[in-house]
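Peer 1: Have a look at this one.
Just so it is clear, none of the values below were taken in a lab; they were calculated from the coordinates. These figures come from a predicted structure and were not determined experimentally. A quick note on method: Cβ atoms are made from the backbone with ideal geometry, for glycine too, and the neighbour counts reach across all protein chains shown.
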Amino acid sequence: MRTPTADGERHFDIGQLTRVEGEGRLDLRVASDGTVAARLRIFEAPRYFERLVIGRRPDEVLDIVARICGICPVAYQMSAVHAFEDLFAVPIDPAVRTLRRLLYCGEWIESHALHIFLLHAPDFLGYASALEMARDHLELVGRGLGIKKLGNRIVSIVGGRPIHPVSPRVGGFSRAPRPHELDELRAPLEAAIAEARETVALVATLETPPSDREPRLVSLRHPSEYPMSDGRITSSDGIDLAPGDWGEAFHEEQVPWSHALQARAADGVPYLLGPTARVSLAREQLHPLARAALDATGISPEDLRRNVFRSIVARAVELLHALAEAREIVADYQPPLVPLAPWKPRAGIAAWATEAPRGLLFHRYEVDRAGTVRRAQIVPPTSQNQAAIEHDLALFAPEVLDLPHDEATHRLEQLIRSYDPCISCATHFLDLRVEHDR
Amino acid sequence: MSAPIRILACGSIDRGDDGAAVRAVRALPSSARRAARVEEVGYLSPELLIGDAPETRRLVLDTVAGLRAGSIVDLPLAELPELEARMGATSTHALAPGAAVALAALLGAVRPSDRFLGIGGSSFDVGDGLSPAVGARLGAFVERVADRIGEAS
């Protein structure tokens, strides 16, 4: 609801954000002098995963952190597995590394297809929900669901089941698929690539609200491949760190209106993660098909970066990238000679960042000599994007103040959905105090 | 030869009553488990209902927030959106289960033989077990699921 107050303040209160994962609300106040205060109130209950992994061994941690999200469990497993393998200096078979990229492609395909076709497209096409949109655009929804199903299948074949995979282990996989098991993916991948190319062209034609800001972008970058599990943490303004050194440039802080910690750069400025950041910073590493599709849209790098609503284009480009890369991996697949490398624990800090569908996901574990976790920090992408969302809402709000209330509310929600926030992922408390009655 | 049966168990076992469906399928008698293909799917997404052979019968199991804790609902899957609307239920998922079924139905992927079996839940906190009311009725829920499998096989 919107509440004009006696002193001229206007208040937009979106009590339950829809078409996002998890529970949150928006509280936006515009003072009579035009000052805007935006608060993304994340009230979903804290989930304490950093505490749940304490006292656990690395492979148990993989199973536990996968439970953080039903949409991006692979990302949680990949950040953790790389962190432990880096600390323990585990030699990884190159074919295992490739298979992990295929697993990650599967997750990106599922997650991006869900967001593009079911969560975000209705905003642009003028529908309140995917269901309403489907009544007029059934083919589009069917296409999205078909691609998502293919992503599920990839995760299922490589990871052992479609959500919360069970086969990733420190050292590799408990079971690597046989080549014939991947054969069923060939034809669907071929068809999905054609559909994804059409999708890039389609979403590039969607009319966007006016939006112009210069975000600080952060993503992994790798010299020869599109960022997923390897590379350095980089930013559009010169940050360049090893994947375990996130804490050297960024920190988390508690804000009173959210159950999720917010992350900021050392100078306090918000930053943007996810498809827009990756496509902007690693455009040269996109699969040639994806790069060509993006070029063909005619959307300039500046427009893609500066207009928050163009994220649907970046996400569609990444969907095409993931499908094209998956097709190549499947075509060339050779099972690992050593699917599961032996390893010995050692004490130290295990830290790594990988690229979840929504952006950089950082894990840090303090591990004792037996390999048991003594302290953990998990920084999901939505926690990191929260401050950028609030910042962009404050910038964008003046554009909608003259619109009818429903239309203004819709535009504000559309902006939030541009980030594809996963609130369930973000609700971690770093610190938990338990007081016992004596 | 009987029609194949597919069980889609929704929910997270680590979130209190939300794990009731997963606990139920794990507690099924071995004969019932052998007669069906059981999948723990986390949350119901429309594509899970697309692509099955026409003769496949599907049972979707989930906890229902808003229903009296421990009460059991057993209805055609196509009626789930209506139940959800009647209860004014909200979902923490980007796409609510009822919307997922309605979308699948628009695509012709929901059949008269598909059923939804739900159990009312009251506690969904991380790390909790089942609430007393749901714990007390879990056995009845398992029996209902086994009966439905028996009827279909």
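Peer 1: Expressed as a whole number of Å, what is the distance separating the alpha-carbon centroids of the stretch B:125-153 and the stretch B:5-73?
Peer 2: 10 Å
Peer 1: Can you give me the long-range amide H partners of A:Ile71? Hydrogens built in the peptide plane at 1.01 Å from N, cutoff under 5 Å, separation of 5 or more residues or another chain.
Peer 2: Result for A:Ile71 returns nothing.
Peer 1: Hey, any idea what the orientation-averaged projected area of the convex hull of the stretch A:49-384's Cα atoms comes to, in nm²?
Peer 2: Orientation-averaged projected area of the Cα hull: 16.5 nm².
Peer 1: Among A:Arg57, A:Arg100, A:Arg358, whose mean-square fluctuation peaks in a Gaussian network model of chain A (Cα, cutoff 10 Å)?
Peer 2: Sorting by GNM fluctuation, first place goes to A:Arg57.
Peer 1: I would also like to ask the following. Once phi is turned into ³J(HN,Hα) by the Karplus curve 6.51 cos²θ - 1.76 cosθ + 1.60 with θ = phi - 60°, what whole-Hz value does each residue of the stretch A:73-79 show in order, with x for glycine and proline?
Peer 2: Residue by residue, the stretch A:73-79 yields x, 4, 4, 5, 5, 5, 4 Hz.
Peer 1: Return the sequence-ordered ³J(HN,Hα) values of the stretch A:52-63 in whole Hz as given by the Karplus equation 6.51 cos²θ - 1.76 cosθ + 1.60 applied to θ = phi - 60°, using x for Gly and Pro.
Peer 2: 5, 8, 5, x, 9, 8, x, 5, 5, 4, 4, 5
Peer 1: From the gyration tensor of the Cα coordinates in chain B, what semi-axes in whole Å does the equivalent ellipsoid have, largest first, with each one equal to sqrt(5λ)?
Peer 2: The answer is 22, 19, 13 Å, longest axis first.
Peer 1: Here's a follow-up. Using the number of other C-beta atoms within 10 angstrom as an exposure proxy, rank A:Glu60, A:Glu325, A:Glu214 with the fewest first.
Peer 2: Fewest-to-most ranking of A:Glu60, A:Glu325, A:Glu214: A:Glu214, A:Glu60, A:Glu325.
Peer 1: Ranking A:Lys148, A:Lys344 by Cβ neighbours within 10 Å, fewest first, what do you get?
Peer 2: A:Lys344, A:Lys148
Peer 1: Which whole-Hz ³J(HN,Hα) couplings does the stretch B:56-69 yield from phi under the Karplus relation 6.51 cos²θ - 1.76 cosθ + 1.60, θ = phi - 60°, glycine and proline marked x?
Peer 2: Each residue's phi maps through the Karplus curve to give 5, 9, 10, 10, 9, 10, 7, 8, 10, 6, x, 8, 3, 4 Hz.
Peer 1: Can you compute the helix-only [θ] at 222 nm over chain A? Use -39500 (n - 2.57) per DSSP H run of at least 4 residues, normalise by all residues, nearest 500 deg cm²/dmol.
Peer 2: After summing the helix terms and dividing by the residues of chain A, the value is -13000 deg cm²/dmol.
Peer 1: Just tell me how shielded B:44-52 is by partners: mean number of partner chain Cβ atoms within 10 Å of each residue's Cβ, no decimals.
Peer 2: The per-residue average across the peptide is 6.
Peer 1: Grab the eigenvalues of the alpha-carbon gyration tensor for the protein assembly as shown, scale each by 5, take roots, and send me the semi-axes largest first in whole angstrom.
Peer 2: For the protein assembly as shown, the ellipsoid semi-axes come out as 33, 30, 26 Å.
Peer 1: Can you list residues whose amide H is under 5 Å from B:Phe116's amide H, if they're 5+ apart or on another chain and H is modeled 1.01 Å from N?
Peer 2: Amide H neighbours of B:Phe116: B:Val60, B:Leu75, B:Leu77.
Peer 1: Looking at chain A, what % of its DSSP beta bridges pair antiparallel, to the nearest 5?
Peer 2: 95 percent
Peer 1: Skipping prolines and chain starts, which residues have an amide H placed within reach, meaning under 5 Å, of the one on A:Ala356, given they are 5 or more residues away or on another chain?
Peer 2: Result for A:Ala356 returns A:Leu361.
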